[in-house]
Amino acid sequence: MLKAKILFVGPCESGKTVLANFLTESSDITEYSPTQGVRILEFENPHVTSNNKGTGCEFELWDCGGNAKFESCWPALMKDAHGVVIVFNADIPSHRKEMEMWYSCFVQQQSLQDTQCMLIAHHKPGSGDDKGSLSLSPPLNKLKLVHSNLEDDPEEIRMEFIKYLKSIINSMSESRDREEMSIMT
């Protein structure tokens, strides 16, 4: 059984924990409390299997605290990560500026492919859902960008996340197959 490690990173108060709980069908948190270091949520998704072989997949979603005081822990969090989801509040201009730092630290420095990364522009309840005005600079403009609004359209983000998980598992499965073939030849 394949086991994938996915990191949820981004600035403080961007909605990482709320999204992580929703996407893993974990408990709801009603009031804001900053994540201290990391929370690890383990889950399975019946819609995601390994290369149509029917093999189940397990996931670890690492909900990483966005405070810079945890930066010394980041190398340990990044170890053996298969994917990175950068969550930001699209309504806070400083979050857009911080995204390049998160991308550089968690994707580029770990030599992950852009396909292993997804951006989520999270819109908090009552903030409006302005999907059209978000322009990103390179290299962020090459990444998959999904808008989330759990109040207006929660299933859209769930479906996009399942697609993302499938792409991570396919990549892991192909890599494992290549490794097995290289051993046999």
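The values are calculated or read from the model by the stated rules, or taken from the named source; none is laboratory data. A quick note: this is a predicted structure, and the numbers were derived from the prediction, not measured. In this analysis, Cβ positions are derived from the backbone assuming ideal geometry, glycine residues included, and neighbour counts consider all displayed protein chains. Note: accessible area is taken over every heavy atom of the protein model, side chains too, but ligands, DNA and RNA are not part of it. Shrake-Rupley method; radii C 1.70, N 1.55, O 1.52, S 1.80 Å.
A count restricted to the range 36-67 and to residues that are in contact with a helix residue (DSSP H, G or I) (Cβ under 9 Å, 6 or more places away or on another chain), at pLDDT 80 or above and more than 17 Å from LYS5 (Cβ to Cβ) stands at 2. Pairing residues of the range 133-158 that are in contact (Cβ under 8 Å) with a residue 60 or more places away in the chain with residues that are among the small types (Gly, Ala, Ser) and open to solvent by less than 60 Å² (accessible area, probe 1.4 Å), at Cβ distances under 9 Å and at least 6 apart in sequence or on separate chains, gives SER148/GLY15; SER148/ALA121; LEU150/GLY15; PRO154/SER148; ILE157/SER148.
If the condition is being assigned to a loop (DSSP other than H, G, I, E, B) and either in contact with a His (Cβ under 8 Å, 6 or more places away or on another chain) or more than 20 Å from LEU140 (Cα to Cα) (or both), then the range 1-27 contributes MET1, GLY10, PRO11, GLU13, SER14, GLY15, THR24, GLU25, SER26, SER27.
Pairs under 9 Å by beta carbon, first residue within 18 Å of LEU61 (Cβ to Cβ) in the range 166-182, partner part of a helix (DSSP H, G or I) and open to solvent by 70 Å² or more (accessible area, probe 1.4 Å), six or more apart or different chains? Filtered contacts from the range 166-182: SER167/THR115; ILE168/THR115; SER171/THR115. Whenever a residue of the range 1-21 is free of Cβ contacts under 8 Å to residues at least 24 places away in the same chain, its partners that are open to solvent by 10 Å² or more (accessible area, probe 1.4 Å), lying with C-beta atoms within less than 7 angstrom and at least six residues away or across chains, give the pairs ASN21/SER27; ASN21/ASP28; ASN21/ILE29.
Among the conditions (1) open to solvent by 70 Å² or more (accessible area, probe 1.4 Å); (2) part of a loop (DSSP other than H, G, I, E, B); (3) not aromatic (Phe, Trp, Tyr), the only one that SER137 does not satisfy is (1). Just name the residue that is least open to solvent (accessible area, probe 1.4 Å) out of those in the range 141-185 that are more than 20 Å from PRO46 (Cα to Cα) and small (Gly, Ala, Ser). Per the stated criteria, the residue is SER148. Scanning the range 19-35 for residues that are modelled with pLDDT under 90 and within 22 Å of GLU98 (Cβ to Cβ) turns up TYR32, SER33, PRO34, THR35.
Considering only the range 84-91, I want to know if a residue exists there that is over 19 Å from ARG39 (Cα atoms) and not acidic (Asp, Glu). Outline the logic, then answer.
So the first thing to find is which residues in the range 84-91 are over 19 Å from ARG39 (Cα atoms), and the list is 89-91.
Those still in the list that are not acidic (Asp, Glu) too: 89-90.
Scanning the range 84-91, I find at least one residue that is over 19 Å from ARG39 (Cα atoms) and not acidic (Asp, Glu), so the answer is yes.
Look at the range 48-77: where a residue is under 18 Å from TYR103 (Cβ atoms) and of a type outside the set (Ser, Thr, Tyr) and a partner is modelled with pLDDT under 90 and loosely packed, with under 12 Cβ neighbours inside 10 Å, sitting 6+ places away or on another chain with Cβ atoms under 6 Å, you get GLY65/GLN36.
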